[in-house]
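Here is the structure we will look at, set down as structure tokens.
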Amino acid sequence: MPIDQEKLAKLQALSNKNKVGGARRKTGNKTAGSSAAVARDDSKLYSTIAKLHGITVDNVAEANFFHEDGSVLHFNKVGLQMAKDYNTSVVYGIPEKKKLDEMFPQILPQLGAEAYQALAQLEAQLKEFDEKKKTEGDAKVEETD
């Protein structure tokens, strides 16, 4: 079968214009939670902190983040990197969401003298509030009688 040179030239010109084929894509089992995706995200984070001249802080035993709803995000084994000039900190590890009631015995020894005074004032305010509420409740009961 003879090859038509004119037809071959047209096909070559067309393929050069349209770039038939495209780039090869590697396919695989990539899910959102795969370790490769997490490692890639971590490497991006580490490189960004490195660009900010961040330092790794050693000997951090735990980190706690307190939420307004009374829950605590607790990191037991924690890594900490800081970029002081940019006011940026990165805490990484495996977090646990706990209630403040569960964390209070662990947090109490870490508080300083000022925190103890603040807790004592808070306790006094709560007692006053309870007593006030109790007297108002008694007054309403007497009025209805």
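FYI, it's all coordinate maths here, none of it is from the lab. On a predicted model such as this, the values are computed, not experimentally measured, just so you know. For neighbour counting, all protein chains shown are included, and Cβ atoms are generated from backbone atoms with ideal geometry for every residue, glycine included.
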| task | Round to the nearest 0.05 the FRET efficiency obtained for Asn87 and Phe129 when R0 = 41 Å and r is the Cβ-Cβ distance. | result | 0.65
| For segment 65-76, Karplus couplings with θ = phi - 60° (6.51, -1.76, 1.60), whole Hz, Gly/Pro x | 10, 9, 9, 5, 7, x, 9, 10, 8, 10, 9, 7
| What is the ratio of the Cα radius of gyration of segment 36-100 to 2.2 N^0.38 Å, where N is its residue count, to two decimals? | 1.24
| field | Integer Hz, Karplus 6.51/-1.76/1.60 couplings in order for segment 122-131, x for Gly and Pro | value | 5, 4, 4, 5, 5, 5, 4, 5, 5, 5
| message | For the pair Lys51/Asn76, report the inter-label distance in nm, with labels modelled 7 Å from Cα in the Cβ direction. | response | 3.5 nm
